[in-house]
1. Convex hull volume of the Cα atoms in the range 2-104, per residue, in Å³?
2. Can you give me the P(r) profile for the chain? Cα pairs, bins 10 angstrom wide beginning at 0, each as a whole percent.
3. List, in the order given, every pair from K26/K155; K26/K193; K26/K154; K135/K159; K135/K163; K154/K193 whose Cα-Cα distance in the structure shown is over 21 Å.
4. Which trypsin sites (Lys or Arg not before Pro) in the range 36-92 pass both tests, a DSSP loop state and at most 10 other beta-carbon atoms within 10 Å?
5. Taking the simple approach of a point 7 Å from Cα along Cα-to-Cβ for both F60 and F22, what is their distance in nm?
Amino acid sequence: MTFFYLTISFITLNSLFPIFLFFDLKYRRVPQKFFKFCYTLIIFSNIVEYSFSHVSILFFVYAKIIIGLFVFIISLLLFSLRIIGGGDGKLLILIFLAHPLQYLSFTIIFTFILIFCLLFVIYFLINIVINNKVKNRLSFFLFFNTFSDISCIKKSFIKGFYKFFNFSEICNYFGEKSVITSLYLVYNAEINKFQILSQNRPPLIILVIISYYIIFYFLLTN
């Protein structure tokens, strides 16, 4: 029966993921009303799960609260480190509250977080490679040449977590224009554009979803 609810959980979350992606990619934020709807749906799902379980209601509620608090603390830590946003943290909590208790453990949660962090690091390593391409490298060279007091470590950090946007197209970047790092304009002669440094804010919900699929596959094969 718990495997049945794991399947139902998978189907339910997969029906919600495209909506999360739509809001995140288009508006860079998920409306609170949609989160309220999702949590209401998960509460109903948990009630149904309990009605077919063989544990006491106190144990069931206590276990779900502990899981929710544990994921909340991890999400808050990742949020404090500026790795994820508030919406990403809410989605993490939603995912783990949706799963049947039999398929939940601290090991599963830690593994999920490790996979997510690994994907996060890979993403920004790719960003470093992209920023070192000839056309992009010129902008960083001009920027670092102007601000010569920046250390090598900080330069590597900037190349991993930031990128240059074309200033003339800044209105097309949706949420990115609210995290402009420097008002210093760089003229990139390779692409004939004025550019401005901005924090690279990837749609992390994609990484959350990929991590979820990996964990789900792990649960099915073990």
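1. Values: hull volume 9.5 nm³, N = 103.
Cα convex hull per residue, to the nearest whole number: 92 Å³.
2. 7, 28, 29, 18, 12, 5, 1
3. Numbers: K26/K155 30 Å; K26/K193 25 Å; K26/K154 31 Å; K135/K159 14 Å; K135/K163 12 Å; K154/K193 25 Å.
From K26/K155; K26/K193; K26/K154; K135/K159; K135/K163; K154/K193, over 21 Å: K26/K155; K26/K193; K26/K154; K154/K193.
4. Working: sites: K36, K64, R82, K90; in loops: R82.
Sparse-neighbourhood loop trypsin sites (Lys or Arg not before Pro): R82.
5. 3.2
Laboratory data are not the source of any read-out in this text; all were calculated from the coordinates shown. Predicted model only: the values in this text are computed from it and were never measured. Methodologically, a virtual Cβ is constructed for each residue, glycine included, from the backbone with ideal geometry; neighbour enumeration extends over all protein chains shown.
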